[in-house]
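These notes concern the structure reproduced below.
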Amino acid sequence: MAKLVECVPNFSEGRRSEVIDAICKAITSLDGVVLLDKEMDYDHNRAVVTFVSHPKVAVEAAFEGYKKAAELIDMTTHKGEHPRMGACDVCPFIPLSDMTIEEAVELANRLGKKVGDELQIPVYLYEDAATTPKRKNLAKVRTGEYEGIRDAIETDPTRKPDYGPAKMNLKAGSTAIGVRFPLVAFNVYLDTNKKWIADKVADAVRSLRGGYRFVKALGFEIKERDQVQISMNLVNYTKTPIFRVFETIKSEAARYGVNVTSSEIVGLVPNDAILDVADFYLRFENFSKAQILEEKLRSIGGSAAGTIGETFYDEVASSSPAPGGGSVAASAGALGAALSAMVCRLTVGKKQYADVKDELSEVRDKVDALRAELTQLIETDKEAFNKVMESFKLPQGTERDKAIEEATKGAALVPLTVMKKSLEVMKLAKTIAEKGNENSISDAGVAGLMAMAAVDGAWYNVRINLTSLTDGDFVVKTKEEAAAVRKEAEGLAATIRERVESKL
């Protein structure tokens with residue numbers, strides 16, 4: 001899959017559709033930019049725009065949005081329910097495919113410098129792009145909003161921006177640019193117009209008041225509906241799922257004799273976030289995303305659309321040195337995890353395995369996560385190798401030698417990570433071989449073999465990268481760590497093989 005980054009700029013305008021249309025037109029004026037969504041909220045006087053593109057054009061596209069917003073939105077007259085600090089209030093990058101957090105942080109810095117230098121807008125970096133721990137939380141960055149930042153930015157050292165002038169751009173305001181996990185913007189409506197109740201319920205779920213760690217929540221009065229709203233950002237839906245927050249809001253509202261009337265998603269939502277809700281309320285057994293029609297069609301379409309030279313196997317078979325053995329080792333680990341998950345799904349829900357249902361359900365979730373991580377490491381290993389090759393193209397000298405050394409260290413650490421993740425697969429495969437569906441015992445055995453192959457293959461790649469390094473301490477430490485992982489893996493492989501042989 002091609003590199004993709006998502007960008008979700010929020011603009012302080014929710015009442016003039018022609019303004020947001022003009023901003024979206026500016027953003028999509030660049031080739032390769034796809035507008036996924038735009039949502040306007042009259043009461044909040046705010047719009048959320050979502051676009052995706054290759055990282056190469058993402059910064060320029062976002063900048064065009066900033067430039068048009070600075071032209072059309074005047075913060076000196078802006079009023080709305082939602083906290084705000086600028087015309088383009090906040091602009092997060094979210095890495096989607098074949099992209100790391102570090103690469104997204106680089107985009108945030110490039111955009112921040114460009115916005116600060118060319119538009120003279122103060123820029124604060126937040127979340128994973130934050131330059132200080134105090135700026136990680138967007139709410140803290142935006143403390144005081146437009147007016148508060150305007151009055152303090154020139155005299156308060158803690159208000160000094162990361163990019164741009166230490167002086168408020170009166171018309172365009174200031175802005176926050178960051179990198180984050182895909183969040184879910186989730187609102188819940190109550191059948192009351194009493195804002196104090198919304199505030200109490202919001203406090204019950206928001207992180208800063210002792211609620212859920214990954215929930216940011218505020219209570220709002222929505223006069224147009226004669227209702228109140230709990231407006232939330234779920235900043236990590238995998239750790240605090242939608243259904244858990246929704247159920248808590250229902251129970252907290254009931255304490256005040258109030259009911260939930262409806263809820264809404266603002267902008268786009270990851271597929272898995274909704275699947276979690278369906279799974280919770282419908283009590284699915286052995287359900288997987290592969291059972292969703294659209295997912296199946298997409299996978300078939302992707303395979304059918306592929307041409308020679310575009311698949312992973314064709315890339316490996318080509319004359320290009322990457323992807324090579326390191327990526328193949330990660331692929332083997334991912335296959336071991338996938339087979340492990342399959343055996344779990346063939347076990348959970350079967351009457352004769354009722355006593356291990358909970359345990360193997362937990363194992364299933366863990367190997368699913370490991371499969372995703374190892375799949376990503378296929379590309380990460382390729383990128384690490386390419387970085388080494390790029391460093392050799394630098395001009396001769398000390399800086400070139402340092403670049404080669406650092407890139408080679410990175411190329412050694414990636415397969416070490418593959419070894420560790422594959423070892424975790426083996427630990428779980430051992431449990432599966434012992435307690436899983438005995439009709440699938442051979443699959444459990446193959447899962448163990450594939451994971452062991454991943455460990456061995458990655459071990460080769462760790463060692464070959466260590467041979468050219470001059471940092472002796474790094475070499476010794478890395479080699480010892482990798483050898484310990486391999487030794488533990490060999491013991492697990494023998495145990496799995498014994499379990500499988502005894503049941504065949």
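The values are calculated or read from the model by the stated rules, or taken from the named source; none is laboratory data. Source: prediction; values computed, not measured. Glycine also receives a Cβ, built like all others from the backbone with ideal geometry; neighbour counts cover every protein chain displayed.
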### Residue within the stretch 447-467 that is of a type outside the set (Phe, Trp, Tyr), crowded, with 16+ Cβ neighbours inside 10 Å and within 26 Å of residue 351 (Cβ to Cβ) present
yes
### Message
Here's a check for you: in the stretch 362-416, which residue that is assigned to a helix (DSSP H, G or I) and among the basic types (Lys, Arg) is nearest to the chain's Cα centre (by Cα)?
### Response
371
### Summary
Scanning the stretch 466-482 for residues that are out of contact with any helix residue (DSSP H, G or I) (no Cβ under 7 Å at 6 or more places or on another chain) and assigned to a helix (DSSP H, G or I), the one nearest to residue 436 (Cα to Cα) turns out to be 480
### Query
What's the number of the condition residue 377 fails, among (1) over 18 Å from residue 467 (Cβ atoms); (2) in contact (Cβ under 8 Å) with a residue 24 or more places away in the chain; (3) touching an Asp or Glu at 6+ places or on another chain (Cβ under 9 Å)?
(3)
### Query
Just for the stretch 191-206: of the residues that are charged (D, E, K, R) and touching a helix residue (DSSP H, G or I) at 6+ places or on another chain (Cβ under 9 Å), which one is surrounded by the fewest Cβ atoms within 10 Å (Cβ to Cβ)?
191
### Query
Is it true that some residue in the stretch 157-165 is of a type in the set (Lys, Arg), under 19 Å from residue 236 (Cα atoms), out of contact with any helix residue (DSSP H, G or I) (no Cβ under 8 Å at 6 or more places or on another chain) and assigned to a loop (DSSP other than H, G, I, E, B)?
no
### Message
Against the condition under 15 Å from residue 173 (Cα atoms), surrounded by fewer than 24 Cβ atoms within 10 Å (Cβ to Cβ) and not basic (Lys, Arg), how does residue 96 come out, does it pass?
### Response
no
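Output yes when any residue across the stretch 139-151 is touching a Ser or Thr at 6+ places or on another chain (Cβ under 6 Å) and at negative phi, and no when none is.
Within the stretch 139-151 (the criterion being touching a Ser or Thr at 6+ places or on another chain (Cβ under 6 Å) and at negative phi), the answer is yes, since at least one residue qualifies.
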## Note on the structure
Of those in the stretch 207-231 that are of a type in the set (Ser, Thr, Tyr) and touching a Lys or Arg at 6+ places or on another chain (Cβ under 8 Å), the residue surrounded by the fewest Cβ atoms within 10 Å (Cβ to Cβ) is 207
### Pair list, Cβ under 7 Å, 6 or more apart: the stretch 409-429 residue in the same structural domain as residue 477 (by TED's automatic domain parsing), other residue outside any helix (DSSP H, G or I) and of a type outside the set (Gly, Ala, Ser)
409/469
### Query
From the list 245, 228, which residue is of a type in the set (A, V, I, L, M, F, W, C) and touching an Asp or Glu at 6+ places or on another chain (Cβ under 7 Å)?
228
#### Entry: the stretch 234-266, residues that are acidic (Asp, Glu) and either crowded, with 20+ Cβ neighbours inside 10 Å or within 17 Å of residue 206 (Cα to Cα) (or both)
247, 252
### Query
Does residue 485 satisfy being in a helix (DSSP H, G or I), surrounded by 14 or more Cβ atoms within 10 Å (Cβ to Cβ), in contact with an Asp or Glu (Cβ under 9 Å, 6 or more places away or on another chain) and in the same structural domain as residue 341 (by TED's automatic domain parsing)?
no
